[in-house]
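The values are calculated or read from the model by the stated rules, or taken from the named source; none is laboratory data. Keep in mind that this is a model prediction, so the values were computed, not measured. With ideal geometry, Cβ positions are generated from the backbone for all residues, glycine too; neighbour counts draw on all protein chains shown. We work out accessible area using only protein heavy atoms, side chains counted, and drop any ligands, DNA or RNA first. Shrake-Rupley method; radii C 1.70, N 1.55, O 1.52, S 1.80 Å.
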Amino acid sequence: MIRINLLPHREQKRAARQRRYLIVLGLTLLAALGVLTAGYLVLEARITTQNDRNQFLEAENKKLDAEIAEIERLKAEKDALLARKLVVERLQVNRAEAVKIMDQLVRQTPEGIYLKGIKQTGDKLTLQGYAQSNARVSTLMRNLNDSEIFEQPLLIEVKAAQVGNQRLSEFTLDIKVSRGASGDDAASAPANAKKKKG
């Protein structure tokens, strides 16, 4: 006898396929959610690590900025101290210069020359005075040129002048003060001081 299966096998197969599809879809969604969660956690950990590094670098940069500011302050202090030292050394070198200049002027001024004004600007000295004759001005210039601390005398002007009842020549001349001699004295002074200490 022929058996006819009247059960709805197509509907059963369709329901089984649908169940399998839903199971696969659910597993796929779970796997995707797992991958997304793992990726998010990895990225979050990396971001946290990078933020920690950035904070560490910022803190170190602040320390370096503070150290650089301290170095700049120390450099400024050093420059100020060096400038003071140079001023003191210059004063030490030029301490006796005025005395030497006056002494040499007295020694090199011949008879018949009367100085009425002396003005120093840097290493230039301007002399103003009266002479009994132009020849005496020439003698003064020669004497100054032969001096150890004066050089390059330059006559600016000579003119006739009446002083009291005398006719004199009024002159103005420039001379350069040579600092070589006073510098040698200053260089030898520390050496002498060291010898005395030793």
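Within segment 82-97, residues that are closer than 22 Å to residue 149 by Cβ reach partners that are open to solvent by 50 Å² or more (accessible area, probe 1.4 Å) and charged (D, E, K, R) with beta carbons closer than 8 Å, at six or more positions or on different chains, in the pairs 93/179; 93/185; 94/179; 96/185; 97/179. In segment 125-183, how many residues are under 17 Å from residue 106 (Cβ atoms), over 43 Å from the mean Cα position of the chain (by Cα) and not in a helix (DSSP H, G or I)? Going through segment 125-183 one residue at a time, the tally reaches 3.
Annotation: residue 10 fulfils all but one of (1) more than 28 Å from the chain's Cα centre (by Cα); (2) surrounded by 10 or more Cβ atoms within 10 Å (Cβ to Cβ); the unmet one is (2). Within segment 61-74, not a single residue is in a helix (DSSP H, G or I), more than 35 Å from the chain's Cα centre (by Cα) and not polar (S, T, N, Q). Restricting attention to segment 115-149 and to residues that are out of contact with any Leu (no Cβ under 8 Å at 6 or more places or on another chain) and hydroxyl-bearing (Ser, Thr, Tyr), the residue that is least open to solvent (accessible area, probe 1.4 Å) turns out to be 147.
Residue count for segment 75-111 satisfying the condition of being in a helix (DSSP H, G or I), open to solvent by less than 60 Å² (accessible area, probe 1.4 Å) and within 30 Å of residue 129 (Cβ to Cβ): 7.
Here's the yes/no breakdown for (1) polar (S, T, N, Q); (2) on the phi > 0 side of the Ramachandran plot; (3) in contact (Cβ under 8 Å) with a residue 40 or more places away in the chain; (4) open to solvent by less than 30 Å² (accessible area, probe 1.4 Å):
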{"position": "151", "(1), (2), (3), (4)": "no, no, no, no"}
{"position": "154", "(1), (2), (3), (4)": "no, no, no, no"}
{"position": "169", "(1), (2), (3), (4)": "yes, no, no, yes"}
{"position": "173", "(1), (2), (3), (4)": "no, no, yes, yes"}
